[in-house]
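Enquirer: Please read through the structure below; I'll follow up with questions.
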Amino acid sequence: MITDHNTTAPLEEVKTWDSNELVILSGMEWTTFFGHLLVIGARKVVDWRKATIETIDSSLEEIKAAGGLTGIAHPFSIGSPMCTGCHWDFHVQDYGLIDFIEVWNRLNPDEDFRSQQAYEMWVDLLNQGFRISCSAGRDWHRQEDETDSTALTYVGASADYADVLLANLKKGNYYITLGPKIHLSMKQAGKTYVMGDELRVGDSMLKITLEPTEQAKLKAFNFVGEYLVVWQNDQIIACETIEEGIEKELSLELVPGYLRIEIFGRGKGHSNKRLVISNPFYIGKA
Ligand SMILES: [Zn+2]
């Protein structure tokens, strides 16, 4: 996914690269005075200049009509006079029009108070009943130093096709991490579910396997997951130790709302760090 400020030029450049290993999803970062909005996969460019603080919903509707996903970039970045427009000031009336919030942005998101603010904004919307995902990204304005870490977004997809990736992003079948990888699914009545799917109330089984990072650079930060926290709506319903490479199963009783997990552990010389955040599974009424 490549997004630049009010232009799709990088996409044209990437198309000329001699590689068929990369699948590129088109996107743009609307860079306005009132906030930065990520638009992914839209079939046409919607005019960002029309968006005003009070009329952002009609722009969001236009993006949706063009098949695009909408995401709020770095909602709590410092705005004017440091970076005009970087703080999210739009008055969204219907957060159902927002697909995701960039909870982890910039280098070393784990060390930044703005990540916590974005996380709280996301959780608050989930608790209000919106089906909204969290994402990780960064503004690539300079090459990072050896001592800087970057968070990653892993998307679950059965094939490396742009339309499959886009469909999984839309649904919320992805998680964000400082490094460690997870395989996460839920089972209910013989069927397997992925993040973003809807389950029913009642018995279910959560399955998760934790793996070390495969990114050469991130290995240096020694992020190691140690325990798993399961949230059901605004409650923690399980907190268990977890070890890399050993599948863990948890039997859970589901109630209407959502269920999501986080992995905590050590890294960068600290402990009890939030290392992985999954997107939710949703639970419908009976
Ligand atoms: Zn931005």
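None of the figures in this text is laboratory data; all of them are computed from the coordinates on show. The shown structure was predicted, so the numbers you read here are calculated from the model rather than taken from an experiment. A quick note on method: Cβ atoms are made from the backbone with ideal geometry, for glycine too, and the neighbour counts reach across all protein chains shown.
Enquirer: For the stretch 137-147, just list the computed ³J(HN,Hα) in residue order, Karplus coefficients 6.51, -1.76 and 1.60, θ = phi - 60°, integers in Hz, with x standing in for Gly and Pro.
Expert: x, 7, 8, 8, 8, 8, 5, 6, 7, 4, 8
Enquirer: Along the charge dipole of the stretch 126-231, which of Thr147, Asn168, Phe130 sits closest to the positive end, that is, farthest toward it, with unit charges on the beta carbon of Lys, Arg, Asp and Glu (+1, +1, -1, -1)?
Expert: The residue sitting most towards the positive pole is Phe130.
Enquirer: How far is the Cα center of the stretch 173-199 from the Cα center of the stretch 101-153, in Å?
Expert: First find each Cα centre; the distance between them is then 20 Å.
Enquirer: Using a Gaussian network model of the chain with C-alpha springs under 10 Å, which one of Arg142, Arg131, Arg114 is most mobile by mean-square fluctuation?
Expert: Highest fluctuation among the options: Arg142.
Enquirer: For the stretch 62-221, what's the relative contact order in percent, using C-alpha pairs closer than 8 Å and at least 6 residues apart? Provide the component values of the computation, followed by the final result.
Expert: On the way: 246 pairs, mean separation 25.5, N = 160.
It comes to 16 percent, rounded to a whole number.
Enquirer: For the chain, which cysteines have no disulfide-compatible partner, meaning no other cysteine Cβ under 4.7 Å?
Expert: For the chain, the answer is Cys134, Cys239, because their Cβ atoms have no other cysteine Cβ under 4.7 Å.
Enquirer: Quick one: which residues, 5 or more positions from Ile237 or on another chain, have an amide H under 5 Å from its amide H? H modelled 1.01 Å from N in the peptide plane, none for Pro or chain starts.
Expert: It is Val230, Trp231, Gln232, by chain and number.
Enquirer: How large is ³J(HN,Hα) for each residue in the stretch 204-209, as worked out from phi by the Karplus curve 6.51 cos²θ - 1.76 cosθ + 1.60 (θ = phi - 60°), to whole Hz, x for Gly and Pro?
Expert: Values, residue by residue: 7, 10, 9, 10, 9, 10 Hz.
Enquirer: Could I ask something else about it? Identify the chymotrypsin sites (Phe, Trp or Tyr not before Pro) of the stretch 1-98 meeting these criteria: DSSP loop state and at most 16 other C-beta atoms within 10 Å of the C-beta. Could the numbers behind the result be given before it?
Expert: Values: sites: Trp17, Trp30, Phe33, Phe34, Trp48, Phe76, Trp88, Phe90, Tyr95; in loops: Trp17, Phe33, Phe34, Trp88, Phe90.
When the chymotrypsin sites (Phe, Trp or Tyr not before Pro) of the stretch 1-98 are filtered for loop state and at most 16 Cβ neighbours within 10 Å, Trp17, Phe33 remain.
Enquirer: Something else: Normalised by the residues of the chain, what does the relative contact order come to in percent, with Cα pairs under 8 Å and at least six apart?
Expert: 12 percent
Enquirer: Using θ = phi - 60° and the Karplus relation 6.51 cos²θ - 1.76 cosθ + 1.60, list the HN-Hα couplings for the stretch 215-231 in order, rounded to whole Hz, with x at every Gly or Pro.
Expert: Running phi through 6.51 cos²θ - 1.76 cosθ + 1.60 with θ = phi - 60° gives 8, 3, 5, 5, 4, 5, 8, 6, 6, 10, x, 10, 8, 10, 10, 10, 9 Hz.
Enquirer: List the residues, sorted by chain then number, that are 5 or more residues from Thr32 or on another chain and whose placed amide H is less than 5 Å from its amide H.
Expert: HN-HN under 5 Å from Thr32: Leu37.
Enquirer: Now a separate question. Per residue and in Å³, how big is the convex hull formed by the alpha-carbon atoms of the stretch 155-286?
Expert: Once divided by residue count, the hull of the stretch 155-286 is 111 Å³.
Enquirer: Further question on the same structure: Run the reach check for Lys64 against lysines, Cα to Cα strictly under 27 Å, same-chain hits fewer than 8 apart removed. What comes back?
Expert: Counting by Cα, and skipping residues close in sequence, Lys64 has these lysines nearby: Lys15, Lys44, Lys50, Lys170, Lys171, Lys285.
Enquirer: Same structure, new question: Restricting to DSSP H runs of at least four residues, report the calculated mean residue ellipticity at 222 nm for the chain, -39500 (n - 2.57) per run over all residues, nearest 500 deg cm²/dmol. Don't skip to the answer; put the middle values down first.
Expert: On the way: 5 runs with 46 residues, N = 286.
The per-residue figure over the chain is -4500 deg cm²/dmol.
Enquirer: In terms of the ratio Rg/(2.2 N^0.38 Å) built on C-alpha atoms, what value belongs to the stretch 57-142? Write out the running numbers ahead of the final one.
Expert: Working: Rg = 13.2 Å, N = 86, 2.2 N^0.38 = 12.0 Å.
Rg over 2.2 N^0.38 Å, computed on Cα atoms: 1.10.
Enquirer: About the Cα centre, and with charges only on the beta carbon of Lys, Arg (+1) and Asp, Glu (-1), how big is the dipole of the stretch 223-286? Nearest 20 debye, please. Walk me through the numbers before you get to the answer.
Expert: Numbers: 7 positive and 9 negative charges, 69 e Å.
Dipole of the stretch 223-286, to the nearest 20 debye: 340 debye.
Enquirer: What number does the chain give for Rg over Rh if you use C-alpha atoms and the Kirkwood radius? Write out the running numbers ahead of the final one.
Expert: Details: Rg = 18.8 Å, Rh = 19.7 Å.
Ratio of gyration radius to Kirkwood radius for the chain: 0.95.
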